[in-house]
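The values are calculated or read from the model by the stated rules, or taken from the named source; none is laboratory data. Note that the structure is predicted; figures quoted are calculated from it, not measured. Please note: Cβ atoms are built from the backbone with ideal geometry, for glycine as well, and neighbour counts cover all protein chains shown. Please note that ligands, DNA and RNA were not included when accessible areas were found on the heavy atoms of the full protein model with its side chains. Shrake-Rupley method; radii C 1.70, N 1.55, O 1.52, S 1.80 Å.
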Amino acid sequence: MAKRLYIVSSGAGGTSYITPEAKKAIENSEVIVSYSKYARELKELLKEKEVYTSGMTHEIQRCNQAIQYAKSGKTTSIISNGDANVYGMATLIVEIMDEKDLWDEIELISLPGVTSFLAAASKAGAPVSQDFSIISLSDRLTDINLIDKRVKAALECDFVLGIYNPKSKKRIKPYQNFLKALENGYENRIAIIASNVGRVEKEKITITTAQDLINKDIEHEAVSMSTLIIICNSNSKLTKNNQVLTPRGYLNKYKLDGELK
C-alpha cells in the first residue's frame, strides 16, 4: 500500500473555515508539517501529533520534510493556509514529487479550503458574482513587470480583482504600482479591505473606495501581508444596508416574479 501524504488546506486564518475533510486528515495523520504561525493557530487540532514547523521562506524545506516523513511510512499532513492551490503548498509538493518521481511510492491527497478571498467576499455582501481575477503582489517569485501587466489587464477587462500579499515592510513597490494603476479611471470603484480574515479577534473588514486606498499613506498599517483587497467592477454598488453587490444580471432579463421582461 502506498504511503500517504495529505496537503491540507486549513482555510482562511484561524479555525473558522477549516473543513471536516481537513480535520479528518489531520486526525488520521501521525505527523504534521506546517508554517509556524499556522501550527499555533491549529494547536488544539494538533495535540498528541508529531509536529514539524519552520518559518517564512522555508517552504522547500517543509515540503521535503513532509515527503521524507511520508516515505518513512508515517501518514503525514502538510498544512497550507487558505486553499493549497491559491499561492499555497500544492504546487511545490507536486513539483518536488514529480522531480523525484515518487508517484508510485507516495499517495498524494490534496484537500481544498475556503480562501480569504471567498471568506472576505461573504462578509461584505455579494461582491464576486461576476468574473474575477486574483493576483498576488509578491514579487519574491514573480517578476514585478509581469505583476504590473496582470493588474493592468484585469482592471481593463473589468474583472472583480482580488489582491493577495499587497505589501510588507520592505516590499512596497508592487503595491505602489497597483495604486498608480487604480488612478487610471478606477478611482471610484468600491474597494474592500479585509485584514486577518478568520482570525476572530483581529479580523477587520472595511468597505471603501479605490480613491481612499490611493489617498492613504503607503505605510498605512491597514494594508499588510495579512490583508486581502478586493477591487469591485464597474457594475458593483452598495446596497441599502451598505453591503456590496455585484449584480449577476438576473434583473436585467427577469422581473422580480421570475417572468421574462
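Close contacts from segment 73-99, counting a first residue that is closer than 15 Å to Y38 by Cβ and a second that is open to solvent by 40 Å² or more (accessible area, probe 1.4 Å) and in a loop (DSSP other than H, G, I, E, B), with Cβ to Cβ under 6 Å and a gap of 6+ residues or different chains, come to D83/P112.
So in segment 9-42, with the set limited to residues that are part of a strand (DSSP E or B) and either under 17 Å from N64 (Cβ atoms) or of a type in the set (F, W, Y) (or both), which one is most open to solvent (accessible area, probe 1.4 Å)? Show your work before the answer.
Taking segment 9-42 as the starting set, the residues that turn out to be part of a strand (DSSP E or B) are 9, 11, 31-35.
Of the ones still in play, those that are also either under 17 Å from N64 (Cβ atoms) or of a type in the set (F, W, Y) (or both) are 31-35.
On the way: V31: 0, I32: 0, V33: 0, S34: 1, Y35: 44 Å².
The residue in question is Y35.
Listed conditions (1) assigned to a loop (DSSP other than H, G, I, E, B); (2) under 21 Å from S136 (Cα atoms); (3) of a type outside the set (F, W, Y) are all met by V94, apart from (1).
Please specify each residue of segment 221-261 satisfying the condition of being open to solvent by 80 Å² or more (accessible area, probe 1.4 Å), in contact (Cβ under 8 Å) with a residue 60 or more places away in the chain and farther than 15 Å from F159 by Cα. M225 - this is the single residue of segment 221-261 that is open to solvent by 80 Å² or more (accessible area, probe 1.4 Å), in contact (Cβ under 8 Å) with a residue 60 or more places away in the chain and farther than 15 Å from F159 by Cα. The residues on offer are I207, I230, I172, I192, and the sole one that is more than 26 Å from D143 (Cα to Cα) and out of contact with any Lys or Arg (no Cβ under 8 Å at 6 or more places or on another chain) is I207.
For segment 126-141, a residue qualifies if it is under 20 Å from G82 (Cα atoms), of a type outside the set (A, V, I, L, M) and in contact with a strand residue (DSSP E or B) (Cβ under 7 Å, 6 or more places away or on another chain), and the qualifying residues are P127, F132, S133, S136.
Residues of segment 190-212 that are over 25 Å from V114 (Cβ atoms) and touching a strand residue (DSSP E or B) at 6+ places or on another chain (Cβ under 6 Å): T209, A210. The residue that is least open to solvent (accessible area, probe 1.4 Å), counting only those in segment 43-55 that are assigned to a helix (DSSP H, G or I) and touching a residue at least 12 places away in the same chain (Cβ under 8 Å), is L45. Do we find a residue being surrounded by 19 or more Cβ atoms within 10 Å (Cβ to Cβ), among the β-branched types (V, I, T), touching a helix residue (DSSP H, G or I) at 6+ places or on another chain (Cβ under 8 Å) and more than 27 Å from R248 (Cβ to Cβ) anywhere in segment 162-173? No, there is no match, as no residue in segment 162-173 is surrounded by 19 or more Cβ atoms within 10 Å (Cβ to Cβ), among the β-branched types (V, I, T), touching a helix residue (DSSP H, G or I) at 6+ places or on another chain (Cβ under 8 Å) and more than 27 Å from R248 (Cβ to Cβ). Considering only residues in segment 187-220 that are polar (S, T, N, Q) and farther than 12 Å from A120 by Cβ, the one that is surrounded by the most Cβ atoms within 10 Å (Cβ to Cβ) turns out to be T209. Scanning segment 106-123 for residues that are farther than 14 Å from Y6 by Cα and open to solvent by 20 Å² or more (accessible area, probe 1.4 Å) yields a count of 5. Scanning segment 140-151 for residues that are under 18 Å from L228 (Cα atoms), open to solvent by 10 Å² or more (accessible area, probe 1.4 Å) and touching a helix residue (DSSP H, G or I) at 6+ places or on another chain (Cβ under 7 Å) yields a single hit, D148. Within the bounds of segment 82-95, is there any residue that is surrounded by fewer than 16 Cβ atoms within 10 Å (Cβ to Cβ), of a type in the set (A, V, I, L, M, F, W, C) and modelled with pLDDT of 95 or more? Checked against the condition, which is being surrounded by fewer than 16 Cβ atoms within 10 Å (Cβ to Cβ), of a type in the set (A, V, I, L, M, F, W, C) and modelled with pLDDT of 95 or more, segment 82-95 yields no hits at all.
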